[in-house]
Amino acid sequence: MNYDIKDKTILVTGANRGIGKAIVESFIEHGATKVYAAVRQLNSVSSLVERYGLRVLPIQVDLGDPQSIVAAAQAAPDVQIVVNNAGVFQAGTPLAEDAISPLWNFR
Ligand SMILES: NC(=O)c1ccc[n+]([C@@H]2O[C@H](COP(=O)([O-])OP(=O)(O)OC[C@H]3O[C@@H](n4cnc5c(N)ncnc54)[C@H](OP(=O)(O)O)[C@@H]3O)[C@@H](O)[C@H]2O)c1
């Protein structure tokens with residue numbers, strides 16, 4: 001798959017660490033105009049803002065809080081691409097007693 005992100009405005013959730021932070025860095029280095037770094041704590045992306053300046057804009061989003069998602073959509077109307085990366089990876093072993101049940105705990 002090939003998609004040109006040059007000159008695009010992008011929003012990445014979970015942008016402050018792990019895979020999300022790496023996505024932000026890669027997008028900026030490949031020519032994105034601007035990346036909204038959607039995070040729970042705005043100061044958690046200070047290092048990205050220091051490095052990339054106004055090309056990284058922190059925006060508050062908690063995916064457990066629908067109002068924060070609506071507010072972010074209203075605050076960032078110029079977004080062309082959304083990467084909804086934020087989440088929690090729960091590792092387990094195939095034969096563990098709770099190998100299936102965690103999948104149903106998000107109700
Ligand atoms: N790493 C792997 O091997 C792997 C494998 C398969 C899938 N994934 C998926 O890839 C994504 C990123 O993985 P990762 O390893 O980079 O994870 P990570 O290092 O644990 O980072 C998780 C990110 O999600 C954010 N987040 C968690 N809950 C949130 C919520 N309710 N609202 C907003 N942000 C929230 C965290 O923010 P805070 O800093 O505020 O907690 C953090 O930025 C996840 O969706 C994960 O399930 C990862």
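The values are calculated or read from the model by the stated rules, or taken from the named source; none is laboratory data. For clarity, every value in this text was computed on a predicted model and none was experimentally measured. Note that we place each Cβ from the backbone using ideal geometry, even for glycine, and neighbour counts take in every protein chain shown.
Criterion applied to 49, 61 was being buried (at least 16 other Cβ atoms within 10 Å of the Cβ) and in contact (Cβ under 8 Å) with a residue 24 or more places away in the chain, and the one residue passing it is 61.
Among the residues of the range 1-43, what is the count of those that are hydroxyl-bearing (Ser, Thr, Tyr), buried (at least 16 other Cβ atoms within 10 Å of the Cβ), within 16 Å of the ligand (Cβ to nearest atom) and over 10 Å from the mean Cα position of the chain (by Cα)? Total satisfying the criteria: 0. Taken together, 64, 53 contain a single residue that is at positive phi and either within 11 Å of the ligand (Cβ to nearest atom) or in a helix (DSSP H, G or I) (or both), which is 53. The C-beta contact set for the range 3-21 (first residue at positive phi, second residue near the ligand (Cβ under 9 Å from one of its atoms), distance under 6 angstrom, 6+ apart or interchain) comprises 14/20; 14/85; 14/86. With the condition kept exactly as written, say whether any residue in the range 94-105 is surrounded by 10 or more Cβ atoms within 10 Å (Cβ to Cβ), within 11 Å of the ligand (Cβ to nearest atom) and either in contact (Cβ under 8 Å) with a residue 40 or more places away in the chain or more than 18 Å from residue 7 (Cβ to Cβ) (or both). No, the range 94-105 contains no residue that is surrounded by 10 or more Cβ atoms within 10 Å (Cβ to Cβ), within 11 Å of the ligand (Cβ to nearest atom) and either in contact (Cβ under 8 Å) with a residue 40 or more places away in the chain or more than 18 Å from residue 7 (Cβ to Cβ) (or both). The listed residues are 25, 97, and the only one of them that is charged (D, E, K, R) and part of a helix (DSSP H, G or I) turns out to be 25.
At pLDDT 95 or above and within 20 Å of residue 7 (Cα to Cα), is that true of residue 24? For residue 24, the condition - at pLDDT 95 or above and within 20 Å of residue 7 (Cα to Cα) - is met.
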